[in-house]
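The values are calculated or read from the model by the stated rules, or taken from the named source; none is laboratory data. Not measured: the values here are computed from a predicted model. Backbone-built Cβ (ideal geometry, glycine too); neighbour counts: all protein chains shown.
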Amino acid sequence: MDKKQEKCPYVERCGACNLGKVPYEETLVEKKKWVEECIGKHCKVIHDVAGMYYPYHYRNKVHAVFGRQKDKVISGTYAEGTHTIIPIEDCQIEDAQASAIIKTVTELINSFKLWVYNEDTGRGLMRHILIRKGMSTKQIMVVLVTAAPEFPHKNNFVDALRKRHPEITTIVQNINSQQTTMVLGDRNKPLYGPGYIEDVLCGLRFRISPNSFYQINSAQTQVLYKKAIAAAALTGKETVIDAYCGIGTIGMAMAFKAGKVLGIELNKDAVKDARANAKRNQIQNIHFVAADATDYMIEMAEEGKTVDVVVMDPPRSGSTEEFIMATADINPSRVVYISCNPETLGRDLGWFKREGYQAKEAWPVDLFCHTNHCECVVLLEKR
């Protein structure tokens, strides 16, 4: 599974991973212990963590912030707990092509003499760069985040970047004029190509826009989703709700084995992508709505509607007590919970237990290799 590990030169200052501190196989053991500590009192059957065969350069989404060191533009990541930029050229968990593109863009900013954004003064242009890659299609998106719509010499800049990296399939300018810690703003302007990329996951083709949520480890996501689909135990007749559905990945993967699927997502851009994805894959039995999942399920319950299965993939902060109560109100016989935080998962399983749902089995999957994070699929059944 593991190659000979060398300690990452940035690991002590960056804090994004622990690569080289502990052998990879040991991290899987530690993650299982963590999952057991968090959810063991609610779920007695917890499987070993599904590790990655080659746990390097797996991140299909890579971000760097621009700054200035003396008279030179630098790019990298913030040191843990600070806004001090650590210049990074070759991260061992990020896609290698993405790292090379970031290095080139940093050089071009220097040569074009573009003004780098200063967080303290709120002045400057170039803020961040985001690279997204379709690991199956090899399509690459470069998102240049600027503090203003004006981009001096943008055509020459784009031409120079494409000349150095012909593998790039689209380049987007994202405008973020707010003084915020958020990387992306709401406005996207394609500078080259269609403004999105596509990738293939679980045999399905997905459109990915700059702001769309898409799991960062494509190989392990397929492991995760296959476990979720198996846990749902679909026979072809069930009505399934995919809550927090994003661009529709897990719901579409389940649609082939379900009667019908309803995807609910608050982000309207993600819903737009989800509908396009369903059309692209010719899936007729899935429908998407742009709504708050809790409010929508409360309305369903008030109308007397029920479903067979709810699959949920909330953010790291977990779900809410109100969402779990609304889930119980539409009376699914099974809930498949995909979690990226065992701590909030443990809290939420307690709320589900109070509503009459028992956690039966858990399958941890290592999507964030060499980090302290762990994904987990949990099957809950109505008592």
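Here is a list: R383, R316, R334. Which entry is of a type in the set (K, R) and either in contact with a helix residue (DSSP H, G or I) (Cβ under 6 Å, 6 or more places away or on another chain) or modelled with pLDDT of 95 or more (or both)?
The match here is R334.
Please find, within the stretch 137-173, the residue that is nearest to F206 (Cα to Cα) out of those that are surrounded by fewer than 17 Cβ atoms within 10 Å (Cβ to Cβ) and either of a type in the set (F, W, Y) or touching a helix residue (DSSP H, G or I) at 6+ places or on another chain (Cβ under 7 Å) (or both).
Of everything passing the filter in the stretch 137-173, E167 is nearest to F206 (Cα to Cα).
If you check I250, I229, I241, which single one turns out to be part of a helix (DSSP H, G or I), under 21 Å from the mean Cα position of the chain (by Cα), surrounded by 24 or more Cβ atoms within 10 Å (Cβ to Cβ) and touching a residue at least 24 places away in the same chain (Cβ under 8 Å)?
After ruling out the rest, the residue left standing is I250.
List the number of the failed condition for D90; all other conditions in (1) crowded, with 21+ Cβ neighbours inside 10 Å; (2) modelled with pLDDT under 90; (3) not aliphatic (A, V, I, L, M) hold.
Result: D90 fails condition (1) only.
Take the residues in the stretch 130-173 that are touching a Ser or Thr at 6+ places or on another chain (Cβ under 7 Å) and in a strand (DSSP E or B), then tell me which one is nearest to Y58 (Cα to Cα).
I140
Return only the number of the condition from (1) crowded, with 16+ Cβ neighbours inside 10 Å; (2) under 17 Å from C14 (Cα atoms); (3) among the small types (G, A, S) that G81 does not satisfy.
(1)
Here is a list: G263, G251. Which entry is touching a Phe, Trp or Tyr at 6+ places or on another chain (Cβ under 7 Å) and either closer than 22 Å to A328 by Cα or at pLDDT 95 or above (or both)?
Within the list G263, G251, the selection yields G263.
Which of (1) out of contact with any Cys (no Cβ under 8 Å at 6 or more places or on another chain); (2) more than 24 Å from I46 (Cα to Cα); (3) buried (at least 21 other Cβ atoms within 10 Å of the Cβ) is the odd one out, the single condition K189 does not satisfy?
Result: K189 passes all but (3).
Write out, first by first residue and then by second, each pair whose Cβ atoms fall under 6 Å of each other, whose residues are 6+ apart or on separate chains, and whose first residue, in the stretch 125-151, is assigned by TED's automatic domain parsing to the domain that holds M182 and touching a residue at least 24 places away in the same chain (Cβ under 8 Å) while the second is part of a loop (DSSP other than H, G, I, E, B) and acidic (D, E).
Close Cβ pairs (under 6 Å, with a partner that is part of a loop (DSSP other than H, G, I, E, B) and acidic (D, E)) amount to K133/D95; I140/E167.
Please verify whether the stretch 277-284 includes one or more residues that are modelled with pLDDT of 90 or more, of a type in the set (S, T, N, Q) and either under 20 Å from V335 (Cα atoms) or assigned to a strand (DSSP E or B) (or both).
Within the stretch 277-284 (the criterion being modelled with pLDDT of 90 or more, of a type in the set (S, T, N, Q) and either under 20 Å from V335 (Cα atoms) or assigned to a strand (DSSP E or B) (or both)), the answer is no, since none of the residues qualifies.
If you scan the stretch 309-324, which residues turn out to be out of contact with any Lys or Arg (no Cβ under 7 Å at 6 or more places or on another chain) and more than 12 Å from A293 (Cα to Cα)?
Taking the stretch 309-324 as the starting set, the residues that turn out to be out of contact with any Lys or Arg (no Cβ under 7 Å at 6 or more places or on another chain) are 310-317, 319-324.
Passing the criteria: P315, R316, S317, E321.
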